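The values are calculated or read from the model by the stated rules, or taken from the named source; none is laboratory data. Predicted, not measured: the structure shown is a model, and the values here were computed from it. Positions of Cβ are generated from backbone atoms using ideal geometry, with glycine treated the same way; all protein chains shown enter the neighbour counts.
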Amino acid sequence: MYRGHAGIRRFVSDMDDDLTSFELHPRELHDLGERVLATGQVQALAPGSGVALENLGGFVFELRDGRIARLVSHSDPEAAHAAAWR
């Protein structure tokens, strides 16, 4: 779990350490007021082995005062849909 500005910086640093590249390709975006649901293709490349990773995923962004206050990622887009409309 990553919290706050320092947590986001640590997340990005961890991603840089663990993956050569990381890309999100959205397929769906839903504005739900204080939440945004995004689902799509996640692509990454592992360092050293060069193994390409591809998976569908989903992300629920919770907004406060027009800013992202919380982000939860889901490895299953349907789980993200369920969480966004709870």
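Quick notes
- Taking the stretch 75-85 as the range and being within 15 Å of LEU29 (Cβ to Cβ) and in contact with a strand residue (DSSP E or B) (Cβ under 7 Å, 6 or more places away or on another chain) as the test, the residues that pass are PRO77, ALA80, HIS81, ALA84.
- Single match in VAL12, VAL42, VAL36 (criterion: at pLDDT 90 or above and β-branched (Val, Ile, Thr)): VAL36
- The one condition from (1) in contact (Cβ under 8 Å) with a residue 24 or more places away in the chain; (2) at positive phi that HIS30 does not meet is (2).
- Test: ARG64 is closer than 22 Å to TYR2 by Cβ and of a type in the set (Lys, Arg): yes
- Of all residues in the stretch 2-17, those satisfying the criterion of being of a type in the set (A, V, I, L, M, F, W, C) and either within 17 Å of PHE61 (Cβ to Cβ) or touching an Asp or Glu at 6+ places or on another chain (Cβ under 7 Å) (or both) are ILE8, PHE11, VAL12.
- Any hit, the stretch 40-50, residues being among the polar types (S, T, N, Q) and in contact with a helix residue (DSSP H, G or I) (Cβ under 8 Å, 6 or more places away or on another chain): no
- A count restricted to the stretch 45-86 and to residues that are under 19 Å from ASP14 (Cα atoms), among the charged types (D, E, K, R) and modelled with pLDDT under 90 stands at 1.
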